[in-house]
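These notes concern the structure reproduced below.
The values are calculated or read from the model by the stated rules, or taken from the named source; none is laboratory data. Nothing here was measured: the structure is a model prediction, and the numbers come from that model. Here the Cβ is made from the backbone with ideal geometry for all residues, glycine too, and neighbour counts use every protein chain on show. The accessibility values were calculated without ligands, DNA or RNA, using every heavy atom of the protein model including side chains. Shrake-Rupley method; radii C 1.70, N 1.55, O 1.52, S 1.80 Å.
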Amino acid sequence: MAIRIVSLVARLGLAAVWLISGGLKFLDPVQTKIAVRAYQLLPESLVGPVATALPLVEIVLGLLILVGLAVRVSAAVSVVILTVLIAVIISVWARGLSIDCGCFGGGGGAADIGAWDYLKEILRDLGFLALAVWLLVFPRSPLALGPGSRAAFSVDTQSSVAR
C-alpha cells in the first residue's frame, strides 16, 4: 500500500513538473527559442523545431502522467528527457557558458550564473529523475485511469480474493 501512495505522490509531482515547465515555455515561445539557442548545441535550423516541440512533449507527458495513462512509458520517456537535460546542463557548465537554463520558462539566454547555480539545477533535475525512475519501476497508483497503471487504495484486495 505504501508503494502505491508513494507512486501517486511521484506521479502527481512529476506531472506538475512537466505541466508547469511545458506550459510556461509554451506561453512564451520567443523566450523558449532564445533559451534553446543559448545552449549552443544545435544548428540554427533545429533551434526553432526543438523550441516548439519541447513544451508540447512536456505538456503531453504531464497530462498522461497526471491522469495515469501509459505511466510506465511516460516515465521511460521522462527518464530519457531528464537524462539529456542533465547532460546538457553539465555540458554548458563544462564549456564555461553562463546561461539561465530556461527550464521553467522565462529567463533563458545569457545570465550571471555560477557553479552553484548549475549544481542546484542538476540536483533538482536528479530529483525529478528519481520520480521518473520510481514510476518506471512502480507505475501503479490510485486514481490512475490506465489499466496498467491503476491500483486501488484498498489493502483488503488479497484478503477478499482469499474468501
Item checked: the chain - percent relative contact order, Cα under 8 Å, separation 6 or more -> 34
Next item on the list: Compare the Cα positions of Gly127, Gly146, Ala15 along the charge dipole of the chain (+1 at Cβ of Lys, Arg; -1 at Cβ of Asp, Glu; about the Cα centre) and return the one farthest towards the positive end.
Entry: Gly146
Checklist line | Pairs of alpha carbons in the range 1-86 whose separation is greater than 17 Å (percent) | finding: 51
Checklist line | Unit charges on C-beta of K, R, D, E only; dipole of the range 1-144, Debye | finding: 480
Check: What shape does the range 88-150 take by its C-alpha gyration tensor, where a ≥ b ≥ c are the square roots of the eigenvalues and a/c under 1.5 counts as rounded, a/b above b/c as prolate, and the rest as oblate?
Finding: prolate
Item checked: Global form of the chain, assessed from the alpha-carbon gyration tensor, a/c cut-off 1.5 -> prolate
Notebook entry, point to check: Got a sec to turn the phi values of the range 79-91 into Karplus ³J(HN,Hα) couplings, 6.51 cos²θ - 1.76 cosθ + 1.60 with θ = phi - 60°, whole Hz, x for Gly and Pro?
Noted result: 4, 5, 5, 5, 5, 5, 4, 5, 4, 5, 5, 4, 4
Next item on the list: Within the set of other residues whose C-beta is less than 11 Å from the C-beta of Val88, count the net charge using Lys and Arg as +1 and Asp and Glu as -1.
Entry: -1
Next item on the list: Report, in deg cm²/dmol and to the nearest 500, the calculated mean residue ellipticity at 222 nm for the chain, where each DSSP H run with n ≥ 4 adds -39500 (n - 2.57) and the sum is divided by the residue count.
Entry: -23500 deg cm²/dmol
Next item on the list: Could you tell me the accessible area of Asp112 in Å² (1.4 Å probe, neighbours in place), rounded to the nearest ten?
Entry: 150
Next item on the list: Round to the nearest 10 and give me the degree value, 0 to 90, for the angle of helix 115-137's Cα axis relative to the longest principal axis of the chain.
Entry: 30
Notebook entry, point to check: Which net charge results when you count Lys and Arg as +1 and Asp and Glu as -1 among the other residues whose beta-carbon is under 11 Å from that of Leu135?
Noted result: +3
Notebook entry, point to check: If Lys and Arg each add +1 and Asp and Glu each add -1, what is the summed charge of the other residues whose beta carbon sits under 13 Å from the beta carbon of Ile113?
Noted result: -2
Next item on the list: Choose one of Ile90, Leu54, Leu66: the residue whose Cα lies farthest towards the positive end of the charge dipole of the range 7-163 (beta-carbon charges +1 Lys, Arg; -1 Asp, Glu; about the Cα centre).
Entry: Leu66
